[in-house]
Structures are given as C-alpha cells and as structure tokens.
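I have placed the structure first, in the form of structure tokens, so that the comments after it can refer back to it.
The values are calculated or read from the model by the stated rules, or taken from the named source; none is laboratory data. Predicted, not measured: the structure shown is a model, and the values here were computed from it. Virtual Cβ from ideal backbone geometry, glycine too; neighbours counted across all protein chains shown.
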There are 2 protein chains.
Amino acid sequence: MIKYPIKKELKENDRIKSTANRGMNLESMINRTNEFYLDNDIAVIYKKPIPIQIVSVDYKKRSAARITEAYYKLPSTTDYNGIYKGKYIDFEAKETKSTTSFPIKNIHKHQVNHLKRVKEHGGISFIIVYFSRLEKIYFLDSDFVIEYYERSLKARKSIGLDEFEKNAYLIKEGYRKPVDYLSVLDKYYL
Amino acid sequence: MIKYPIKKELKENDRIKSTANRGMNLESMINRTNEFYLDNDIAVIYKKPIPIQIVSVDYKKRSAARITEAYYKLPSTTDYNGIYKGKYIDFEAKETKSTTSFPIKNIHKHQVNHLKRVKEHGGISFIIVYFSRLEKIYFLDSDFVIEYYERSLKARKSIGLDEFEKNAYLIKEGYRKPVDYLSVLDKYYL
C-alpha cells in the first residue's frame, strides 16, 4: 500500500523551493549542485561513472568504437566523491517514494563498508536520502548508516522517518544549489 | 621509428622487481597496489569506472538488463582518486612505449584543469607515467604537469625523459605493491 504524503501547510519559502526543483530527480539536483560548486570554485566533487562490464565492442566502423554488449555491475564504492576545504568527501545518494521510512537494502554492504573506511581514514562520509513525496532531503552521517545497517541484519530493515528527523540534517533546497549539502558540512563538521 | 631501450646493467634488485611485474600493464599494477593498500588498511583509493554513454538497453530478457549500444566518453576527471592519511589523492596514470619522452596529448585539457583544481583545494594531485620499455615508473606532481601542458600549447609537445629524471620521483616497484606511489607521498609530501 502506498501512503500519500500528509497535507502540510506551505510557507512562502517552501513554495519557492519546491517550485524550483519540481520534477527533478535527486541525481540531477546533486549534479546541478556540484556544477555550481565547481563553477564557483567551492569544491571539486563528481559523480562516478556507472560501472559497466563490457563484453563486446565493434571496431569495424570508421567512427567511434561501438559497444554492442555490456552489463551493469554492482558498484563497489559510492556514487560521489571529491574534495572540499581540503577534506575528502564521499557519499551515496538515494531517493525513495516512501513517506515513512527508507529501506536499508538500497545501500549495498560494500558501500556501507566503504563509507566506514573513508571515515576511519579521516574523510567525511554520509548518505543523502530524498523523500520525494515529502520533498525532504536528509543528510545522514555514515556512523548512523553503519548502525542502521547492522540493525537491519537482525531486526528492522528500514530507517524510519522519525529517525531521520532525530539523527539526520535536513538539507536546504535552492534554485542554484538544489541540494546544498556542503552547508551541512560548514555547520556541523568543519 | 621505434627506439629500443638501451641495454642497462641489472642489479640484483632490478632483476627481482622486473620479474615480479613482467607483462603487467600499468593499470593492472596500480589496481593490485590499490588492493594491497585497501586490504592492509593503508588507503582507500579506487579507479573510477570508464565513462560510457548508454544509447540502448534491452530489458526483454528475464535476466540482467543488456546494454546493446553504447559509446566511450571522454573522461572529465582523472582515473584514480581516494584518501590517504586524511588527504584527498587524485591522479592519472599513463603508459608509453617511448624510451625518450612522454607525449602531453595523452593527458586531456580537462584532466589538467582537474589536477590543478584539486591542488588548489588542498588535495595531492599528480600523474604516474610508466615507460614500459625502460621499466621505469615516474610520479610527476601536477605543478609540472600544468607547466608542461602550458608549454605544449606553444612549443614542445612532450615531456622528455631527462625532465622526468630531473623533476619526477621514481616509484619503487615490488611484488605486493607493484607501484608503491604512496611511498613517494610519505617521503616528499606528508
């Protein structure tokens, strides 16, 4: 059963921000944000290409080599990494239509281990979760990701919205920086 | 005309190292080195997947989605990045059969700009160049990459081996760490 978002009162600010990014998926919003960071010399953060297993390539044509058979591979790390104020930054971004919880299975074990390693080596690692029907974007530190992942192995398989409200940071939206996650770093990490 | 490597006297050490990695290409050697770093909890550094433009995918089959048409894209960043001792690390790796110089055109303008940005933001950026016929692997700081790249726009299109000898660091080879580039960081950067 799909639960629809509860009706909520919109403040002027909310209306502006939700109009700005309406219909954009999380990846597009983060990419646009990263471009803003790059163009304004704020940070150098990129999405990694999708890992692909190439099976066969056609070199016959004069033009570019054409890949004719390939498959998606499971990523061993996260989608985004880069540098901000001298710090190594690493995160995974996920979107959910649920209005109540985020299913942990959306983050692979490899990715959880990767986030953990990054933190142990002195980087900043986290996940960004977009509750699209609620139009809320959360920044959750990898410490909680690890904790919830370990819990999911024996108990609850998802992270409740209430847990995001308690342990995650809400990321401001905006037009030029649709997902301004670095503002969270400025406020709570650096 | 292909120039063959000049005969050189092998010392005991040289013989050991060249046997260890004989026939391996640079990418394999770096991947193996990165695995060693990861397994021994020294650093978290990965090669990024090859960027690919996917044009068409066959979802018909019950099994995995099959990509049936795709093309290689020019990378906008470098091949490798990650974290070591809290520092953001970023580099590109190239191999040449030349025994006298490395052609700058092997490094794209985007990549040069990326290396420059990384350094400006407090990371460590460089290129690794493998002269395969000489069995020599050099670590060249991005400052020199930028300098030689700019020079190539109006004058010399390559970096001479003598310039590597003067301005780059020779990377030790070994069996477990075929390209131990972090030893250069330990010695000269950290």
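At a glance:
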{"item": "A:LYS154, sole failed condition from (1) part of a loop (DSSP other than H, G, I, E, B); (2) modelled with pLDDT of 95 or more", "result": "(2)"}
{"item": "In the range B:52-98, residue nearest to B:TYR188 (Cα to Cα) [restricted to those that are facing chain A (nearest Cβ under 7 Å) and of a type in the set (A, V, I, L, M, F, W, C)]", "result": "B:ILE83"}
{"item": "Pairs where the first residue, in the range B:29-47, is in contact (Cβ under 8 Å) with a residue 12 or more places away in the chain and of a type in the set (S, T, N, Q) and the second is surrounded by 16 or more Cβ atoms within 10 Å (Cβ to Cβ) and not in a strand (DSSP E or B), C-beta under 6 Å, 6+ apart", "result": "B:THR33/B:LYS177; B:THR33/B:PRO178; B:THR33/B:VAL179"}
{"item": "Among (1) touching a residue at least 60 places away in the same chain (Cβ under 8 Å); (2) part of a strand (DSSP E or B) - the single one A:PHE164 does not satisfy", "result": "(2)"}
{"item": "Sole residue being more than 14 Å from the chain's Cα centre (by Cα) and surrounded by 18 or more Cβ atoms within 10 Å (Cβ to Cβ), chosen from B:TYR189, B:TYR138, B:TYR149", "result": "B:TYR149"}
{"item": "Counted residues, the range B:66-82 - those being not β-branched (Val, Ile, Thr) and not in a loop (DSSP other than H, G, I, E, B)", "result": "8"}
{"item": "Subset tally (residues that are modelled with pLDDT of 95 or more and crowded, with 17+ Cβ neighbours inside 10 Å) for the range A:158-176", "result": "8"}
{"item": "B:THR19 out of contact with any helix residue (DSSP H, G or I) (no Cβ under 6 Å at 6 or more places or on another chain), outside any strand (DSSP E or B), of a type in the set (Val, Ile, Thr) and modelled with pLDDT of 95 or more", "result": "no"}
